[in-house]
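Before any comments, here is the structure.
The values are calculated or read from the model by the stated rules, or taken from the named source; none is laboratory data. What you see is a predicted model, and the numbers here were worked out from it, not measured in a lab. Methodologically, a virtual Cβ is constructed for each residue, glycine included, from the backbone with ideal geometry; neighbour enumeration extends over all protein chains shown. Protein only, heavy atoms only, side chains kept; ligands, DNA and RNA dropped before computing areas. Shrake-Rupley method; radii C 1.70, N 1.55, O 1.52, S 1.80 Å.
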Amino acid sequence: MRVWRIPLSGPVARTGLARAAQVLGPDERARAERLLLPADRARWTAARVALRTVLARCTGIAPARIPLEYGRYGKPKLPGQGPDGLAFSLSHSRDRALLAVCRGAPVGADLEHLTAGPSRAADLDDLAAAVLAPEELRAYTRLPAARRRAALLRRWTGKEAALKATGRGLTLDAARRLAVPEGSGAPSGLPGEWTQLRPWPGAGFTAAVTVRGRNWNLVCSDFTHLAFETT
């Protein structure tokens, strides 16, 4: 399984934006236009161009010709993939995206900036009580206040990655019934065997990838201009 770290600002992102008109479909361009802030539009577009660029390398299909379907909760996927088919999951936060790609198993990825969440400590604690499983909440409340935000975001990324992998919608109840490790390991509360991995997303971020099965090797790569030269 491979994970790509994708910059959504700077020279690589600008190259992606310049290719958007040729790479993205009408529905994707329309979705980008519905975003109110120019920065959000640019980041979403750069992430989607990078997604199509990576999928082109994996499939041999030109980026603009890759068909995408959407599941019940809006997660994109490649149509017609059997048990050994290609699965992927894309997440972005601020000026960075994370893309996980693997064959033969469903996968979910989540990325969060370490300043995400409520600004007030009391509101952060209320959020923790709403989304953490009982054993996770006990561990959270034992932490000093200065460490709670990072700890909560690590749990949150694990939960969101797991729920994306299983195709479930993200609700407070679903998050609370799922317990995930702070590091790599096996989440509990999911049917079957699953593995949670913790790729390094770069300074200031936390991330998680969940994939069905065991014994996965994770390869992390930075998305650079070289990716555009091979598609």
Give me the dipole magnitude in Debye, nearest 20, for the chain about the Cα centre, with unit charges on the beta carbon: positive for Lys and Arg, negative for Asp and Glu. 120
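Multiply the residue separation of Arg103 and Arg34 by 0.36 nm, subtract the distance between their alpha-carbon atoms, and state the gained length in nm to one decimal.
That pair, Arg103 and Arg34, stretches by 21.6 nm at full extension.
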Zone residues, segment 173-216, relative to Arg94, backbone N less than 19 Å from point 7 Å out along Cα-to-Cβ: 199-209
Global geometry of segment 81-229, whether rounded, prolate or oblate, following the gyration tensor of its Cα atoms and the 1.5 cut on a/c: oblate
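Given only helices, namely DSSP H runs of n ≥ 4 each adding -39500 (n - 2.57), what is the per-residue ellipticity at 222 nm of the chain, to the nearest 500 deg cm²/dmol? Don't jump to the answer; show the numbers that get you there.
Numbers: 8 runs with 94 residues, N = 231.
Value at 222 nm, helices only: -12500 deg cm²/dmol.
Taking only protein heavy atoms and a 1.4 Å probe, what accessible area per residue, in Å², does the chain have with all protein chains in place? The partial results should precede the final answer.
Details: 11290 Å² over 231 residues.
In whole numbers, the chain has 49 Å² accessible per residue.
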Place a point 7 Å from the Cα of Tyr70 along the Cα-to-Cβ direction; which residues of segment 1-45 have their backbone N under 17 Å from it? 24-36, 41, 44-45
Quick check: pseudo-label points 7 Å beyond the Cα along Cα→Cβ at Ala150 and Asp173, how many nm apart are they? 3.5
For the chain, modelled as a GNM with alpha-carbon contacts under 10 angstrom, which of Ala186, Ala122, Ala175 fluctuates the most? Ala122
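Could you compute the FRET efficiency for Arg57 and Ala21, with r as their C-beta to C-beta distance and R0 at 25 Å, rounded to 0.05?
Efficiency, rounded to the nearest 0.05: 0.75.
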Which residue, Trp156, Trp200, Trp44, has the most motion in a Gaussian network model of the chain that connects Cα atoms within less than 10 Å? Trp200
A 1.4 Å probe over the protein heavy atoms gives segment 1-83 a carbon and sulfur accessible-area percentage of 54
Please get the size of the charge dipole for segment 1-116, origin at its Cα centre, with Cβ charges of +1 on Lys and Arg and -1 on Asp and Glu, quoted in debye to the nearest 20. 200
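Ala139 to Arg214: FRET efficiency via 1/(1 + (r/R0)^6), r the Cβ-Cβ distance, R0 30 Å, to the nearest 0.05?
Efficiency computed from Cβ-Cβ geometry: 0.75.
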Of Leu55, Leu218, Leu163, the most mobile residue in a GNM of the chain (C-alpha springs, cutoff 10 Å) is Leu218
Among GluC sites (Glu not before Pro) in segment 121-196, those in a DSSP loop whose Cβ has at most 12 other Cβ atoms within 10 Å are Glu193
What distance in nm lies between label points placed 7 Å from Cα along the C-beta direction at Trp200 and Ser119? 3.3
